[in-house]
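K.L.:
Submitted below is the structure of interest, expressed as structure tokens.
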Amino acid sequence: MPANDDGSTGLINLGFTANFFGTNYTQAYINNNGNITFVNPLGTYTPFGITGSTTPIIAPYFADVDTRQGPLMTFGTSTVDTHNAFGVDWNGVGYFGEHIDKTNVFQLVMIDRSDTGAGNFDFEFNYGQMQWETGDASSGSGGLGGNCAAAGYSNGLSGSANNSAELAGSHVCGALIDGGVNALGTHDLNSEQVGRYLFSVRNGQVVTTTPEPTSMALLGTGLVGLVPMLRRRRRSV
């Protein structure tokens, strides 16, 4: 994606069908500020609460990314252990306004698992160096403090139909970045790879297949239970 602040793509083909809480999606908007959405593009730069959100969203790191200096956000299709996959890389991105004194490395990977049922898929959040949590326009200073980053997902429905979750430490300044109590790069979820948070979506629902580690509990409503993509090793579930 070209250098920008708060930009989004048009609808991008995922390369497979993803049943996300009963709605089948084959395309998504890729938003520079650390997330993808399915109904409309999202230019919001100060992270709102993903838990309970009425925006269908998958957000590995919702914060004010600014790529007018430094590396760009990139995306594309590939395969992971023969499964079709779609990935988005924020590889060393800076924060608003045009700062690259601190940079973040994170990734979203969506993997087709229709071999286990129509519309089934996995999604991963992967993290490397994470040095900043806020842009200047979100009351931050030097990439820190103010209204801080969040990570999670929401089906975008209202009231009791909402199914959403945030990673522990979301919106808590200092928690998700390197050295924080919930530092994304040194914890994991449903994975043996440090810095990887793995979610399986089966029959339209996010399910857990292993106990949540005590170091990184998943917080949310309705919960049922950076390396190159081609080098990833997958579970068989």
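The values are calculated or read from the model by the stated rules, or taken from the named source; none is laboratory data. Being a predicted model, the structure only gives us computed values, none of them experimental. So basically every Cβ, Gly included, is an ideal-geometry build from the backbone, and we count neighbours across all protein chains shown.
K.L.:
Looking only at residues in segment 105-120 that are touching a helix residue (DSSP H, G or I) at 6+ places or on another chain (Cβ under 8 Å) and over 15 Å from residue 185 (Cβ atoms), which one is surrounded by the most Cβ atoms within 10 Å (Cβ to Cβ)?
P.N.:
Only one residue fits best here, namely 109.
K.L.:
Another question about this same structure. Before we move on, is residue 127 touching a helix residue (DSSP H, G or I) at 6+ places or on another chain (Cβ under 6 Å), modelled with pLDDT of 95 or more, buried (at least 24 other Cβ atoms within 10 Å of the Cβ) and within 19 Å of residue 36 (Cβ to Cβ)? Spell out how you get there, then give the answer.
P.N.:
Numbers: touching a helix residue (DSSP H, G or I) at 6+ places or on another chain (Cβ under 6 Å): yes; modelled with pLDDT of 95 or more: yes; buried (at least 24 other Cβ atoms within 10 Å of the Cβ): yes; within 19 Å of residue 36 (Cβ to Cβ): yes.
Answer is yes for this residue.
K.L.:
Within segment 9-49, work out how many residues are assigned to a strand (DSSP E or B) and over 21 Å from residue 105 (Cβ atoms). Working first, answer last.
P.N.:
First, pick out the residues of segment 9-49 that are assigned to a strand (DSSP E or B): 9-20, 23-31, 35-37.
Remaining after also requiring over 21 Å from residue 105 (Cβ atoms): 10-20, 23-29, 37.
Residues in segment 9-49 being assigned to a strand (DSSP E or B) and over 21 Å from residue 105 (Cβ atoms): 19 in total.
Yes/no matrix, rows are residues, columns are (1) under 18 Å from the mean Cα position of the chain (by Cα); (2) part of a loop (DSSP other than H, G, I, E, B); (3) among the polar types (S, T, N, Q):
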{"position": "119", "(1), (2), (3)": "no, yes, no"}
{"position": "134", "(1), (2), (3)": "yes, yes, yes"}
{"position": "151", "(1), (2), (3)": "yes, no, no"}
{"position": "156", "(1), (2), (3)": "yes, yes, no"}
{"position": "165", "(1), (2), (3)": "yes, no, no"}
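K.L.:
Something else: As an exercise: evaluate residue 5 against (1) buried (at least 20 other Cβ atoms within 10 Å of the Cβ); (2) within 15 Å of residue 90 (Cβ to Cβ) and give the number of the one condition it does not meet.
P.N.:
(1)
K.L.:
Those residues that are farther than 21 Å from residue 168 by Cα and part of a loop (DSSP other than H, G, I, E, B), I need them from segment 50-78; list them, please.
P.N.:
If the condition is that a residue be farther than 21 Å from residue 168 by Cα and part of a loop (DSSP other than H, G, I, E, B), then 67, 68, 69, 70, 71, 72 are the ones that fit.
K.L.:
Continuing with the same structure: Mind checking which residues of segment 167-197 are charged (D, E, K, R) and not in a loop (DSSP other than H, G, I, E, B)?
P.N.:
Of the residues in segment 167-197, the ones charged (D, E, K, R) are 178, 188, 192, 196.
If the condition is that a residue be charged (D, E, K, R) and not in a loop (DSSP other than H, G, I, E, B), then 196 is the only one that fits.
K.L.:
List the number of the failed condition for residue 98; all other conditions in (1) of a type in the set (Asp, Glu); (2) over 21 Å from residue 50 (Cα atoms); (3) in contact with a Phe, Trp or Tyr (Cβ under 7 Å, 6 or more places away or on another chain) hold.
P.N.:
(3)
K.L.:
Another question about this same structure. If you take the residues in segment 22-49 that are in contact with a strand residue (DSSP E or B) (Cβ under 7 Å, 6 or more places away or on another chain) and of a type in the set (A, V, I, L, M, F, W, C), which one is nearest to residue 169 (Cα to Cα)?
P.N.:
If we take residues in segment 22-49 being in contact with a strand residue (DSSP E or B) (Cβ under 7 Å, 6 or more places away or on another chain) and of a type in the set (A, V, I, L, M, F, W, C), then 36 is nearest to residue 169 (Cα to Cα).
K.L.:
Then there is this: Quick one: would you say residue 182 is more than 29 Å from residue 77 (Cα to Cα) and at pLDDT 95 or above?
P.N.:
Values: more than 29 Å from residue 77 (Cα to Cα): yes; at pLDDT 95 or above: yes.
The answer is yes for residue 182.
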